[in-house]
1. Where the only charges are on Cβ atoms (+1 Lys, Arg; -1 Asp, Glu), what is the dipole of the range 73-160 about its Cα centre, to the nearest 20 debye?
2. Full-extension gain between Asp78 and Ile110, please, as 0.36 nm times their residue separation minus the C-alpha to C-alpha distance.
3. If r is the Cβ-Cβ distance from Ala161 to Ala189 and R0 is 30 Å, what FRET efficiency results, to the nearest 0.05?
4. What are the ³J(HN,Hα) values, in whole Hz, obtained from phi via the Karplus relation 6.51 cos²θ - 1.76 cosθ + 1.60 with θ = phi - 60°, for each residue of the range 148-153 in sequence order, with x given for Gly and Pro?
5. How much FRET efficiency would the formula 1/(1 + (r/R0)^6) give for Ala85 and Ala52, where r is the Cβ-Cβ distance and R0 is 30 Å, rounded to 0.05?
6. Which entries in the list Lys138/Lys165; Lys74/Lys156; Lys73/Lys158; Lys69/Lys158 go over 27 Å, if you measure between the two C-alpha atoms of each?
7. Can you give the extra length, in nm with one decimal, that the chain gains between Ser170 and Lys138 once fully stretched, where that is 0.36 nm per residue apart less the Cα-Cα distance?
8. Per residue of the range 157-163, what does 6.51 cos²θ - 1.76 cosθ + 1.60 with θ = phi - 60° give for ³J(HN,Hα)? Whole Hz please, x for Gly and Pro, Karplus curve as stated.
Amino acid sequence: MGKKDKEKEQKKRKEEEEQEQDKSGTSPVGKVCRRSAPPPDSVPRGKTNSEAGRFTSVESFRDFGKLVKKTAKKEEVDFIPDPEAGLRPNIREILFLDTPDFRFYNNAFILRRRITYVDGFPVGDPEIVFKYRHPDEKTAAAVDVRPKISGKYRIKFKAEALPLKDRLGSYRVLYSHTCVFGLSQVHEADRTSMSTLLRIFPVSSSGSLENNAR
């Protein structure tokens, strides 16, 4: 498969995912209507963290998939295999952004840029992800993460299961209210400067958020 074919396949797959999310009502596609975006009655997806040091090769990821499948069968939980599991890994560069005084981090925000690479070269539109996380579902849903841009964006709401900070053997749940858009959707001269990003996400500089979710 050539480079152009890979890019077309990635674009097609992303469009299909967006269409499916739009049908389910969990992730509106395109310009969001002028109202808040409440979470669905039940969170359809969860996320867990894994120990990165254990994944040192492609085979280690596949072995982990086999372990998850075996555990799911034992616990009588459905397991849906990823159709891309047997393909070459997708490489993405993820850059986390913050102010010098860590304004985002200290107020439970995450701002990052993601770039996809194919054969060692960046492809597609760099993706901006802005999210607010909180252990209370209603508090997370109440934060308006919609950006002030004229382009298209998506809103997502999900639960993330994370390990406890002080002990092993259990977990904590954070609700994540997220906005995602391509950098090309920002129609300003300096699209990546911190001043531009603060204007795009005015809630991040409002100073009204409390109860650090970290």
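1. 340 debye
2. 8.4 nm
3. It comes out at approximately 0.15.
4. Each residue of the range 148-153 in turn: 8, 10, 8, x, 8, 7 Hz.
5. The calculated FRET efficiency here is 0.95.
6. Lys74/Lys156
7. Net length gain for the segment: 9.2 nm.
8. 9, 8, 9, 10, 8, 10, x
Values in this text are rule-based calculations from the coordinates and carry no lab data. Since we're looking at a predicted model, the values are computed, not measured. Ideal geometry is used to build each Cβ from the backbone, glycine not excepted, and the neighbour counts take in all protein chains shown.
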